[in-house]
Structure formats: structure tokens, C-alpha cells
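The structure under discussion appears below in the form of C-alpha cells.
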Amino acid sequence: MAYLEIEGLGKRFGETDVLHDVNLSLEQGQILSVIGPSGEGKTTFLRCLNFLETPDRGIIRLKGETLFDATRVRARGQKPTKRAFGLVFQAFHLFPQYTVLENVMLAPTLAKRGTKAELREKALDLIEKVGLREKANSYPITLSGGQQQRAAIARALAMEPDVLCFDEPTSALDPLLTKEVLNVIRLLRTEGRTMIVVTHEMAFAREASDQVAFLSGGTVAELGTPQEIFEAPRTEALQRFLRQ
Amino acid sequence: MLREVLLSLLGGFGQSLQLFCYTLLGALPLGLVIAFGSMNRWRPLREAVRGLVWVIRGTPLMLQLIVVYYGPGLLNNGSHLWGGGTAGRMSAAAVAFIINYACYFSEIYRGGIESIPRGQREAGQVLGMTRRQIFFRVQLRQVYKRILPPMGNEIITLVKDTCLARIIAIYELTYAGQAYIKSHGLIWPLLLTGVFYLLFSGFLSWLLRREEKRLSYFE
């Protein structure tokens, strides 16, 4: 049994099937990159995993435990309480009125994950890890896009998610800043974090992932190792996508 | 004479200031309640609240004052809900002002809340925060910063609106000034009330600017 198992995940918006029959599994410590054309379900897939959208169909299992089962969620608005996933957004969404340190500490403090001193120390460790030690007491407005995104990664890590998801984490950044964010993700990989990265950075997907999923038309059109996906694409859709 | 006029105007200003403070104390929280009502998911409630806001914003405050002060007596055979005397009149005026200003405030709150990017709420959600925590710890301060300028406008308007209370014989600042026309044939005491209004609204503007500056460290 895999660490994370996703079976038959589906989501409709009105008449449109944005996501259908998505099946994926991931071992602990692996990175799954999700690539594919814009508007074909990548972001919706991550939003479903993080329960920003409630999937209409499918099952999500983590460590053998069912986190979500669409057939059992009947009452409107009922959502799983367990936070197994963390999400880093394309546009960062840091809380502007708080410093980097306060951003990182807020959620664990509210969730009473420890004493103030413990949480502060933990937060500072995470901030150090993403290379923002000198910026711990700065406000988001004073940071570059890359620094903001690294702060957002530290904030997501503070809740100790089992699986950390990234939604096009570098799409709003220029190449230099993109590099510093991707380096943080690489560092997390060496620590054995399980991650799902939706990305347009093909070089990164190729070099840093264990698995690559090509999402097209709302479903996993092709799944394989980076070598299989990038060197021997089977479907025409993927071949066309890679040529662009 | 100047001394006597000043003392009398100060008395009137005291009444105006009282009404100003009651209105803010009541309307600031009530406005938030009305704002949530007008954004409620349950349609009948939302429509009812929006109807109320429409009526209150669509009719003169002076008319509302008269209705609130005299209305209960008319319905109830002349017996007086507000009691006689200055205290009764002030209570009626405060109720009318609070309802009126809460409706204006509610629209400012609603605009402020709806202007906060959705990503702020979602960032809180994926960090496992509750709706209440997201509102109080993430959104409220951003809303506060955004609504400060329009709120400042309303508050300055309120300073001058207090003079409407004279319609139910509250001896506020303008009334106190005007009284000298009748009793002494003097116009300058009435003109002098303008200085009181100016000084007070000037002080409030200064406070508001200072508050805006304090919040300028984030966008």
C-alpha cells in the first residue's frame, strides 16, 4: 500500500467536468510533479486535495487511512477535519499585517501546537532553512517575490503537513527568484518530504521528481518516471505539449 | 457677554458630543452585525436586511428622528415610551442616530470585507484555521485599514448631523447658538458655533490621519 493513494477523484463545476477519474499513488519522501496545459485541472486537483474544493467523487487515503470519501460526505459543507496537506500558492498569500515570523507562527499558535517559546524556536528554524534569517522581523511588503514565496513555504511547513503541495510556486517570479525557490524545494526533497508540485518548470520536473503526471482534459493522461515522460512520451497530447 | 455665550455654547456642545459618542458606540458594532446580515447565505434574512438599509438610507435622518420620538406614542394611545425631559429625548435621538449610522457603516464594512482577496481566506483555511480565526486574526485588520478613510468621512459627517437633534428639542450646539437671535437679537453666537464644529472635526481628522499612518506598514 502506497503512502498516499488517490482513487477516482472527480470534480464538476456546473456542467463542466474539470477533473475526472484521477488515480495517483505516491510513496513517502517522493516528489510528484504535475505538468500539463493551463486550465485543464492542475490547480483544481491541488485545491481538491487541500479541501478548498470538495471533490464530487473519489477517495483519498493517507498511510492507509481514509481522509476523504466522496460517497460518505453527504451533508453540505462538511469537510474532513484532519489537515494532512499543506499548500503553497502561486501568489504567496502571506498575511500582510504580520512579519515573516508572525506569519509562520500564527497557525501553530492558534492550533495550540506548543508553548509560545517552542513555536517561536521552531518557526525561526524553518525561516533559517528557507534562508530568510535576516528577514524574520520584516513585513511581506518589504520582501521580493522569491523571499515572499520562501516565507510562504516556511509558513506551510510550520503546520507539519504529511504532504506539501505547491501550486505553480514560481509562475509569478523571474528566473533568478525562481531558482532560489526551487532550491528550497530541492532542499526539502533531501529531507525526505513528500511533495506534489504543479509546475511549468520542465527542467525542474525532469531533474527533481520521482514521478511525473501529465494532466490533460481533467485527467491523468500519462504517468511515469521523468525519463519515461520526457524521453519517451506515448500520447500525442503529451508530445505536443512538450514540443511547445 | 462673550463669557455667557461661550458657556451656553459649551453646554450645547456637551449635548452634541454626548449624542456623537452614543451614536459611535452603538453604530460601530451594530453596523458590523448588519453587514453580516446583508452578506448572509440565507436569502430571506439577506433581503430583509438589505430592505432595512434601503429604507434608512433612503429617507431623511430628520424624519427618522421624528418617527422614533413620536411614533411609539402615536401607536400606543399617547403614552410615552421615551419618558419626558432631556434624558428621554436624548435616548430617542441616540436610537435614531444609531440605526441610521449603523446602516451607512454596514455598507462600508461590507465593501471592506468583500475587498479582501480570497487568497487570504484560503491561506488561512489550508493552515487549518477556523472561519472565526480567519476573520479575527487575518481579515479584520486588513478590513480596518481599508475602511478607515470612508469611515472617517462618515464620522466627520456625524459631527455636523448632530444638529438635526434640535427637531425634537434637544438643546445641542446649533440650537444654543440660534437661541441668541430670539433672545438678544444677536447673530454672532450662531456663527461662533462654526468654530466649535471646525475645531472638533479638525481634531478627529488629525486622529484619523494618525491612525492611517500607523497602519501604513502593510498594504
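The values are calculated or read from the model by the stated rules, or taken from the named source; none is laboratory data. For clarity, every value in this text was computed on a predicted model and none was experimentally measured. Virtual Cβ from ideal backbone geometry, glycine too; neighbours counted across all protein chains shown.
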Residues of the range A:17-57 satisfying the condition of being modelled with pLDDT of 90 or more and on the phi > 0 side of the Ramachandran plot:
A:Asp21, A:Gly29, A:Gly36
Looking at the structure I just gave you, is A:Ala2 surrounded by fewer than 16 Cβ atoms within 10 Å (Cβ to Cβ), over 21 Å from A:Pro169 (Cα atoms), hydrophobic (A, V, I, L, M, F, W, C) and at pLDDT 90 or above?
no
What strands (runs of 3 or more DSSP E), lying completely within the range A:45-160, carry at least 3 residues that are of a type outside the set (Ser, Thr, Tyr) and without any contact (Cβ under 8 Å) to a residue 24 or more places away in the chain?
A:65-69
So is B:Ile99 free of Cβ contacts under 8 Å to residues at least 40 places away in the same chain and either of a type outside the set (D, E, K, R) or more than 14 Å from every other protein chain (Cβ to nearest Cβ) (or both) or not?
no
Looking at the range B:132-150, I want the residues that are over 15 Å from B:Arg210 (Cα atoms) and have a partner that is of a type in the set (Gly, Ala, Ser) with Cβ atoms under 6 Å, at least 6 apart or on another chain. Which pairs are those?
B:Ile134/B:Gly124; B:Val138/B:Gly124; B:Val143/B:Gly112
If I ask for residues that are of a type in the set (A, V, I, L, M, F, W, C), surrounded by 15 or more Cβ atoms within 10 Å (Cβ to Cβ) and farther than 30 Å from B:Leu186 by Cα, which ones from the range B:4-38 would you list?
B:Leu24, B:Ala27, B:Leu28, B:Leu30, B:Leu32, B:Ile34, B:Ala35, B:Phe36
Is there a residue in the range B:38-49 that is within 30 Å of A:Asn50 (Cα to Cα), free of Cβ contacts under 8 Å to residues at least 24 places away in the same chain, outside any helix (DSSP H, G or I) and more than 14 Å from every other protein chain (Cβ to nearest Cβ)?
yes
Of residues in the range B:102-124 being among the aliphatic types (A, V, I, L, M) and touching a residue at least 24 places away in the same chain (Cβ under 8 Å), the one surrounded by the most Cβ atoms within 10 Å (Cβ to Cβ)
B:Ala102
How do the pairs read when you match residues in the range B:203-219 that are within 11 Å of chain A (Cβ to nearest Cβ) with residues anywhere that are aromatic (Phe, Trp, Tyr) and surrounded by 13 or more Cβ atoms within 10 Å (Cβ to Cβ), using Cβ under 9 Å and keeping only pairs 6 or more apart or on different chains?
B:Leu215/B:Tyr144; B:Tyr217/A:Tyr139; B:Phe218/A:Phe95; B:Phe218/A:Tyr98; B:Phe218/A:Tyr139
